[in-house]
Amino acid sequence: MRLSPVILTVVIASLAYATPPEMAFSRLLPAAPALAAAMWPVLPTVLLGTVCLFLMIGLSLVFPDLGTWWTAAGIIAVTVAAAYGSHVRLQRERTLFQVRLVADAAQQVVLSPMPRRIGGIEIESLYLAAAAEARVGGDFYEAVDTPYGVRLLIGDVRGKGLPAVGAAAAIVNAFREAAYGEPDMVNIARRLEASSTRYNAAFPPEGSMERFATALIVEIPRGGRRIDILNCGHPPPLLLNRGKLRVLESATPSPLLSLAELIGEQYHVDTFDVAPDDLLLLYTDGIAEARAGDGEFFPLAAWMRGQPGTPPRELLTALHRDLLRYSRGRLDDDIAALAVRLCEPSGTQPR
């Protein structure tokens, strides 16, 4: 691809030399520097335009009636415009590179690297931003090893792209602190609510759109025979046990973050029995609402039911592949998932 301007120059010059002058293929020579501007720096673009100019002069010596000066003027004009276009493109590429560096730094704050194993569980994460150029969006997750067991968080701020990053960071940072210090999951949820509310008060969303977030807090106590779940309006996790799928629905959902003042601050914790080798999938609604070409949603529960008892990494690799295949690579929302396999405890690895 990067040699295509050179190839185009050679092809046009060869046709101009090998065909009758009436066909005037030489008039296409300005197309070569124009093409070079899309992929080359300024200096090589100017050099190619100069080569095209000399080729035109050489062809005029062989075919005097080619209208050399009109074509030469066109080559010069296009080369100058192409050099300017190349300069502007390079500036925008440098700006985009800097923006991506900032987005990567933001992603490291919101989505810090996660250990593959914490205590008696294996963990793997998946993240796909709908705004691919930003690389980070409003979905978030975290996992920490605490004196009360392994605590997990996954959630989704309304919106996508960079405007939702700050709200997600506020929630995740609050969870990192609260998960260590609060023995009660309800108090963790209250601290997440307070952090989200403070952030929205300091940085209100544009227009009339409210910025709220769903969140799911999971606690896996030492021993791994049960899990506690506090669900703030988030899609329920899926639990796969020897080919049998359970949807861990909360009996009474808790209020979404930033909406507790409107609908009440009643938080509820549900407890579910689990067994070693159970596979737990936490996910955001971008997965369940991924659409095929005909508008049908991704059948996550049926897909999960058909999966073998694979390790978390292989499960999310298959989920990533099948999601992109199902949606034909077009994601309308950010996607985040945590896959957790409950193993026999083998000591802890505090984070």
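The values are calculated or read from the model by the stated rules, or taken from the named source; none is laboratory data. Bear in mind the structure is a predicted one, so any value in this text is a computation, not a measurement. Cβ: placed from backbone, ideal geometry, glycine included. Neighbour counts: every protein chain shown.
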Consider L192 against the criteria (1) in a strand (DSSP E or B); (2) out of contact with any Lys or Arg (no Cβ under 7 Å at 6 or more places or on another chain): it satisfies all of them except one. Which criterion is unmet? (1)
Scanning segment 262-284 for residues that are more than 18 Å from L239 (Cβ to Cβ) and either in contact (Cβ under 8 Å) with a residue 24 or more places away in the chain or among the polar types (S, T, N, Q) (or both) gives E265, Q266, Y267, H268
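One line per residue, one yes/no per condition, for (1) within 43 Å of the chain's Cα centre (by Cα); (2) not aliphatic (A, V, I, L, M):
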position	(1), (2)
P41	yes, yes
V51	no, no
I57	no, no
T68	no, yes
T71	no, yes
Within segment 71-92, how many residues are modelled with pLDDT under 90 and surrounded by fewer than 11 Cβ atoms within 10 Å (Cβ to Cβ)? 0
Residues G149, G120: which one is assigned by TED's automatic domain parsing to the domain that holds R176, surrounded by 19 or more Cβ atoms within 10 Å (Cβ to Cβ) and modelled with pLDDT of 90 or more? G149
Looking only at segment 281-322, which residues are of a type in the set (V, I, T) and under 20 Å from the mean Cα position of the chain (by Cα)? T284, I287, T317
Segment 198-234, subset more than 28 Å from G181 (Cβ to Cβ) and not small (G, A, S), residue modelled with the lowest pLDDT: M209
Working carefully through the options T271, T284, find the one that is modelled with pLDDT of 90 or more, of a type in the set (V, I, T) and in contact with a His (Cβ under 9 Å, 6 or more places away or on another chain). T284
Residues of segment 292-330 being within 16 Å of P235 (Cβ to Cβ) and touching a helix residue (DSSP H, G or I) at 6+ places or on another chain (Cβ under 8 Å), in sequence order, are F297, F298, L300, W303, L319, L323
